[in-house]
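Single-structure report; data block below.
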Amino acid sequence: MKKLSIGVRLMLWYLAIFALGEIVFGASMWFILRDNLYDLVDDQLESQIEDVKTFLQAQSRDTSIEKLREELRETYAAEHSGDFLQVSVESGDVVYRSRFLESHQSILLPLAQIQDLRIKSRHVDGKHFRFAFEKLSMNGHAYTVQMGAPADDAVDTLKLFRSSLLTFAPVLLLVAAVVGYWMSRRALAPVDALVRTAHQISGANLNRRLQKLETGDELQRLSDTLNEMLDRIESAFLRVTQFTADASHELRTPVSLIRTEAELALRRSRGEAEYRESLRHILNEAERTTLLIEQLLELARADSGREAVDLQPVDVGTILRSLADNWCQVAAIRKVEFSSEIGDSNLSVLGDETLLRRLADILLDNAFKYTTSPGSVRLVLEQIEDRVVITVRDSGVGIAKEDQGKIFERFYRVDKSRSRSQGGTGLGLSIAQWIVLQHHGSVTVKSEPGEGATFRVELPKVSIPVPSPLPA
Ligand code: ADP
């Protein structure tokens with residue numbers, strides 16, 4: 001079933017609460033009015049009963065019933081207050097009963113039920129009365145007085161009040177419904193506008209933004225938050241499209257080189273040495289392409305968040321010592337001096353061993369790539385406060401200040417042809433930075449052009465001892 005819109009639901013709630021308010025207000029007003037009107041009649045009734053009391057009090061102790069009947073008739077038959085009066089004596093004999101009560105005895109109460117003063121509503125033949133009943137002891141005699149007063153005026157006023165309420169309440173309710181609907185539409189109109197704009201935003205116009213609301217309330221917060229979210233989506237989208245464009249461009253270069261080399265080799269017949277040379281070039285480019293594709297896949301996996309990073313306590317010293325041995329051989333081939341200062345103490349981090357190896361390899365590979373002979377590369381591992389710090393320092397070409405902030409971007413290379421001639425892809429430092437972030441650490445660079453570069457990685461140290469590997 002289709003759910004009602006928020007506007008209609010708000011209006012229904014508003015109506016329900018309003019109707020409940022009307023019922024509670026109307027009912028309380030009706031009861032208050034009724035009590036007040038009855039009080040007026042009852043006050044009059046009580047003063048009439050007082051009159052009767054005074055009358056009975058005035059009778060002497062030994063007045064006979066006949067005499068009393070005579071007196072009562074004389075006093076009350078002509079008086080308006082005696083129209084609804086009955087006085088009985090202890091024996092149950094009625095000493096006075098007005099003409100109206102003669103013909104409407106059902107309005108009276110059995111004498112046995114009457115004690116202290118009690119006032120009740122009674123109605124007969126469509127007429128309404130308030131009736132007072134009281135047992136009185138006067139001059140050694142017990143009398144029962146039942147006396148009424150017409151309450152038609154009070155009841156008519158109550159009826160008028162009720163019918164006015166029943167007429168105006170639905171009208172008020174209708175007005176409340178219209179006002180409630182208008183108010184909820186007005187309050188929610190900006191949401192409709194946001195939804196309409198949001199519907200129109202797609203990959204083709206991600207630079208569009210939702211209307212900026214200046215209401216200073218939740219709706220403004222909602223539109224601001226959605227716009228901030230669109231900012232983030234747009235920049236992520238731009239990064240992805242830029243990455244795809246860069247990746248295609250980077251892949252096109254080696255592929256066209258391979259193609260050109262093969263076409264040239266096939267154009268005319270050549271000697272074995274020339275063919276070998278061409279094949280060597282083709283192999284070099286194929287290796288570069290393979291490296292590029294591997295790095296692209298690595299970053300794609302990192303972006304998708306599916307790259308499993310298994311953080312375990314690992315001793316960074318053990319990793320770096322085993323790497324340093326390999327890089328000694330590279331240094332010897334490149335005729336670059338290589339030294340390391342790793343120490344024996346256990347410097348453990350919560351990390352992924354494979355990724356940490358990859359990180360150190362990227363930094364050392366760059367250091368050797370951008371340092372020509374005679375030069376030096378130094379690897380240092382140390383503990384500074386509660387952090388494990390890996391430093392790779394070289395005496396190579398260095399990096400200008402304006403490039404230092406950009407070298408961690410994908411495909412950014414200070415000197416494209418130099419990087420290419422060294423087999424670089426422009427992705428190494430992006431991968432290194434991703435690895436460092438996965439380990440909750442940081443990587444920074446310090447350099448002066450022509451004076452080498454220093455890359456410094458800081459990782460949080462853990463104090464869990466890592467078991468040393470068993471001797472082979
Ligand atoms: P590449 O594969 O080109 O080395 P990287 O992402 O590893 O890509 O590095 C990006 C750029 O940063 C390099 O092209 C190079 O210009 C610069 N760079 C990185 N490391 C060094 C270094 N040790 N000395 C000088 N320049 C460096």
Among (1) within 18 Å of residue 323 (Cα to Cα); (2) of a type in the set (A, V, I, L, M); (3) out of contact with any Leu (no Cβ under 9 Å at 6 or more places or on another chain); (4) modelled with pLDDT under 95 - the single one residue 347 does not satisfy: (3)
Residue within the stretch 384-393 that is in a loop (DSSP other than H, G, I, E, B), within 19 Å of residue 350 (Cα to Cα) and either among the small types (Gly, Ala, Ser) or in contact with a strand residue (DSSP E or B) (Cβ under 8 Å, 6 or more places away or on another chain) (or both) present: yes
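Take residue 169 and decide whether it is surrounded by 12 or more Cβ atoms within 10 Å (Cβ to Cβ), among the hydrophobic types (A, V, I, L, M, F, W, C) and either on the phi > 0 side of the Ramachandran plot or under 60 Å from the mean Cα position of the chain (by Cα) (or both).
Numbers: surrounded by 12 or more Cβ atoms within 10 Å (Cβ to Cβ): yes; among the hydrophobic types (A, V, I, L, M, F, W, C): yes; either on the phi > 0 side of the Ramachandran plot or under 60 Å from the mean Cα position of the chain (by Cα) (or both): yes.
It is true that residue 169 is surrounded by 12 or more Cβ atoms within 10 Å (Cβ to Cβ), among the hydrophobic types (A, V, I, L, M, F, W, C) and either on the phi > 0 side of the Ramachandran plot or under 60 Å from the mean Cα position of the chain (by Cα) (or both).
Look at residue 443 and say whether it is among the β-branched types (Val, Ile, Thr), more than 21 Å from residue 326 (Cβ to Cβ), open to solvent by 20 Å² or more (accessible area, probe 1.4 Å) and in contact with a strand residue (DSSP E or B) (Cβ under 9 Å, 6 or more places away or on another chain). Working first, answer last.
Working: among the β-branched types (Val, Ile, Thr): yes; more than 21 Å from residue 326 (Cβ to Cβ): yes; open to solvent by 20 Å² or more (accessible area, probe 1.4 Å): yes; in contact with a strand residue (DSSP E or B) (Cβ under 9 Å, 6 or more places away or on another chain): yes.
Yes: the conditions hold for residue 443.
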query: Looking at 116, 156, 125, 93, which is the one that is open to solvent by 60 Å² or more (accessible area, probe 1.4 Å) and in contact with an Asp or Glu (Cβ under 9 Å, 6 or more places away or on another chain)?
result: 116
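Can you say whether residue 191 is within 25 Å of the chain's Cα centre (by Cα) and open to solvent by less than 80 Å² (accessible area, probe 1.4 Å), as far as the supplied structure shows?
Working: within 25 Å of the chain's Cα centre (by Cα): yes; open to solvent by less than 80 Å² (accessible area, probe 1.4 Å): yes.
Here the answer is yes, as residue 191 does meet what is asked.
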field: the stretch 121-163 - residue that is farther than 25 Å from residue 92 by Cβ and of a type in the set (D, E, K, R) and, of those, modelled with the lowest pLDDT
entry: 125
- prompt: When only residues in the stretch 368-402 that are of a type in the set (A, V, I, L, M) and out of contact with any Ser or Thr (no Cβ under 9 Å at 6 or more places or on another chain) count, which is farthest from the ligand (Cβ to nearest atom)?
  reply: 384
field: Candidate set from the stretch 1-17 (those that are in contact (Cβ under 8 Å) with a residue 12 or more places away in the chain and open to solvent by 70 Å² or more (accessible area, probe 1.4 Å)); member that is nearest to the chain's Cα centre (by Cα)
entry: 6
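The values are calculated or read from the model by the stated rules, or taken from the named source; none is laboratory data. None of these values were measured; they are calculated from a predicted model. Cβ sites come from the backbone with ideal geometry, for glycine too, and all protein chains shown count toward neighbours. Only protein heavy atoms, including side chains, enter the accessible area calculation; ligands, DNA and RNA are left aside. Shrake-Rupley method; radii C 1.70, N 1.55, O 1.52, S 1.80 Å.
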